[in-house]
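Some notes on the structure that comes next.
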């Protein structure tokens, strides 16, 4: 079977194949997010109904985050060493089996084990798909492709989160998990329909052999610029995720609104994130622009969260949530495109897995940090601390970039478009 790589697939079939594969990849990302959110909401309801203990729900969420972060390096290595189509199909098939297993597992310990396995298999498939994205994007349209995939992921997550509870109440959690298993089967079929493929080694084995022949020294696959920007946005994402934990206490206890108001305010953040997608698609594939958009997104997110804590009124919170959603979405889209632009083709899988591991670790840390902040100073203080922390990190990151750009190497890294377009 012929192995198509990113070097020849778009050129061989033209832009129509690239656009077709990109649409399929966006649909797969949205379907995966929908299935993940649906399963998570159904499992949280199931654990709550059985145990009625907060620690059980926390243990469930940690089981889906911490082991996945620990297994991320292995998932990234598989994405760089195994044919992308084969890996995605196998990972989705394994995820479907895990979902079916969840419908019959009797004990809470067994439930945590299978949730961990499901997280690892889903991460492996998602890592392979994310590593394939630059191969699907047309030249000069990587930011547009990243924004499309991000928008599909947000929409799928929102649909899954809202429908999981309804389906679980109507037909039981077993039906919700069975539907999630069916979605993974469909995802596997969709992966088989993507014609563009990454071969073992990311299709760059010849380049590595050429580098050895010329005696070119081996460099770290992750540039220092990318490490700094990713670290900054990762810490800001940690603070932002903390507000998800504190949100219910802040909205109901501080603002004094009911369940309907809680849902509407929470939807403001998601609405802002979705509204940012068409705006972010206009960003050029330019390293300096993407770095600036990432840092600005961090700062505005921090200011919006800080505004929620300082103002503490329903209209102000709703407005700040929309602004925070816009800024956070722009930050994530710009950083995602920046990761793709600055990562060597042969290391895409490992870097994407590392980014996913940071995200999972931030989610897990936010659970403890949010609870500690509420216990220490209350929900309003928790929002103020999260906003101030995000703003401080963004300012520190911006200061580092201002210093780095004065150096010749840093200036070259931020000068403009890459010399070779990413396909």
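The values are calculated or read from the model by the stated rules, or taken from the named source; none is laboratory data. Here the structure is a predicted model, which is why all the values come from computation and not from measurement. A quick note on method: Cβ atoms are made from the backbone with ideal geometry, for glycine too, and the neighbour counts reach across all protein chains shown.
Hey, can you tell me all the residues within region 341-350 that are part of a helix (DSSP H, G or I) and surrounded by fewer than 24 Cβ atoms within 10 Å (Cβ to Cβ)?
We begin by selecting, within region 341-350, every residue part of a helix (DSSP H, G or I); these are 341-342, 345-350.
Selection gives 341, 342, 345, 346, 347.
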Residue match in region 45-56 (condition: buried (at least 18 other Cβ atoms within 10 Å of the Cβ), within 21 Å of residue 188 (Cβ to Cβ) and either touching a residue at least 24 places away in the same chain (Cβ under 8 Å) or touching a helix residue (DSSP H, G or I) at 6+ places or on another chain (Cβ under 7 Å) (or both)): no
Options 263, 256: the member that is assigned to a loop (DSSP other than H, G, I, E, B) and more than 15 Å from residue 331 (Cβ to Cβ): 256
Any chance residue 219 is out of contact with any strand residue (DSSP E or B) (no Cβ under 6 Å at 6 or more places or on another chain), at pLDDT 85 or above and not in a helix (DSSP H, G or I): no
Check on residue 125, assigned by TED's automatic domain parsing to the domain that holds residue 178 and surrounded by fewer than 24 Cβ atoms within 10 Å (Cβ to Cβ): no
Residue within region 184-191 that is surrounded by fewer than 16 Cβ atoms within 10 Å (Cβ to Cβ), without any contact (Cβ under 8 Å) to a residue 60 or more places away in the chain and either out of contact with any helix residue (DSSP H, G or I) (no Cβ under 7 Å at 6 or more places or on another chain) or over 13 Å from residue 29 (Cα atoms) (or both) present: yes
